[in-house]
1. Would you please name the trypsin sites (Lys or Arg not before Pro) within segment 206-299 that are DSSP coil residues with at most 14 other C-beta atoms within 10 Å of their C-beta?
2. Apply the Karplus curve 6.51 cos²θ - 1.76 cosθ + 1.60, θ = phi - 60°, to the phi angles in segment 80-92 and return the couplings in whole Hz, x for Gly and Pro.
3. Could you please report the charge total around residue 155, scoring K, R as +1 and D, E as -1 over all other residues with beta-carbon less than 15 angstrom from its beta-carbon?
4. Going down the list 92/161; 241/302; 161/316; 241/412, which pairs span over 26 Å between their C-alpha atoms?
5. Tell me, in nm to one decimal, what length is gained between residue 350 and residue 89 on full extension, where the rule is 0.36 nm per residue of separation less the Cα-Cα distance?
6. List 165, 77, 311 from most exposed to least, where exposure is judged by having the fewest other Cβ atoms within 10 Å.
7. Semi-axes of the equivalent ellipsoid for segment 235-351, please: Cα gyration tensor eigenvalues, times 5, square-rooted, ordered largest first, whole Å.
8. Run the numbers on segment 271-346 and let me know its relative contact order in percent, using alpha-carbon pairs under 8 Å that are six or more apart.
Amino acid sequence: MLYRKLAFAAMLVLAAGAMTTAHAADLGSKDVSDLEDRVAELEATAARKGNRNVSLTITGIVNRALLAWDDGVDSDTYIVDPTHHSSRVAFKGEAGINPGLKSGFFIEAEFRDSSSGTVFQGDDEGVGGTPGEIRIRHSNVYIDSEKLGRITLGQQSSAAKDVNTISLSNNMDNANIDAPPAFRVRSSDGRNTGLAWGDIANGLDGNRGDFIRYDSPAIYGFILSAAWGEDDYVDAAIRFKGEWNSFRLAAGIGYTWADDSATGGKIPEVEQVAGSASLLHVPTGLFLTVAGGQLDSDALTKEAFFYYADTGIMRKFNSYGATTFYVGHGHYEDFGAGLIGNKQITGVALDAFLVESSEVNRFSGGVVQTFDAAALDLYAQFHYYEADLTKAGGDKVDTEAFFAVLTGARIKF
């Protein structure tokens, strides 16, 4: 009789354990009776957390802004998504292979509804009249070793991507042309030169495409990177980050060579060098950022170059978060040499000519207020551009200056 009582007690313990396990796996849903619904619920939970081996992290940015512009003839205000801080969502998965070695993936999609980089006079959508655009920024897999570095394969940034925009501040502005790159340059008589501001001013950023890329581990603060792909596209970069006493320094320089014209691509042979450096005095929040680069392209009749600098202060003046004030200046020379403008504005006469030389001077500034509790940045920027253009033969072209104010909100999650 004793063994029967023990067997019965064991059955009760097992039954209680099964009921407890079933209740723990219920995930808060007490009315699930259909098996398919139950499976779907478990799958949804797994999608949020990843499986037992691969973690899953979801991050992103939502950024919307008002762009008020004046090209010397017309003016308007658009609702835009700033190009270089665009709205996006990213999925990152990672798993350990053994100590010091891991694998992972990175997928990022960008939602460019009326991008500030594509809107222009007469087109507040900026994507060929179609509102909204979804682009794949990243879709790649990688193997990462603490001792040997990381190899990444797929859609990604090239090695020299963003090496021209290194900054230790939160000013949301850099050497790239964010606010008016697609806006047409107006001549003083109101006609359209057919040139966009992005044609004659270029921060020489790297590319994003299908690459195989290598990044070394940090060696005394230095990281070496190299990439190849996209029909004869090769680049390399070196980056550095360090801190001494009360100063922080971040810097980098990159080299790019590309040519896919022989395969029907849109990139003529180009060779460029670009880089940037940023210095922050931690106790005061004072910062200085400089950038520069040179381009030799078969599409241009002269070598082009630029330099850019901004300075300001980033401090916590209130309890909400850091406040950033800054001013900047950029100079872009001969990026239009050899070009003939062909970009239209509906209803505006096109005054096309061959450019012998071009100069653009840019003045900018702004303020960013961070709200730490909400991961929110409120910002306001002003941008002023003026151009000096010379036609083939030496005649000067009088142009109108371009002025823009960009105000918006950026939330990170």
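1. Working: sites: 208, 213, 239, 241, 248, 266; in loops: 266.
Loop-located and lightly packed - 266.
2. Using θ = phi - 60°, the values come out as 9, 10, x, 4, 8, 9, 5, 5, 7, 9, 10, 10, 10 Hz.
3. Values: positive: 88, 92, 135, 137, 161, 208, 213; negative: 108, 110, 210, 230, 231.
Net local charge, residue 155 excluded: +2.
4. Over 26 Å apart, Cα to Cα: 241/302; 161/316.
5. Working: separation 261, 0.36 × 261 = 93.96 nm, distance 3.95 nm.
Difference between extended and current length: 90.0 nm.
6. Details: 165 21, 77 12, 311 17.
Starting with the residue having the fewest Cβ neighbours, the order is 77, 311, 165.
7. On the way: eigenvalues 274, 92, 29 Å².
Ellipsoid half-lengths, sorted descending, are 37, 21, 12 Å.
8. Numbers: 141 pairs, mean separation 19.5, N = 76.
Computed over segment 271-346, the figure is 26 percent.
Read the figures in this text as sums done on the coordinates, not as results from a lab. Keep in mind the model is a prediction, meaning the values are calculated, not measured. Note that each Cβ is placed from the backbone with ideal geometry, even for glycine, and that neighbours are counted across all protein chains shown.
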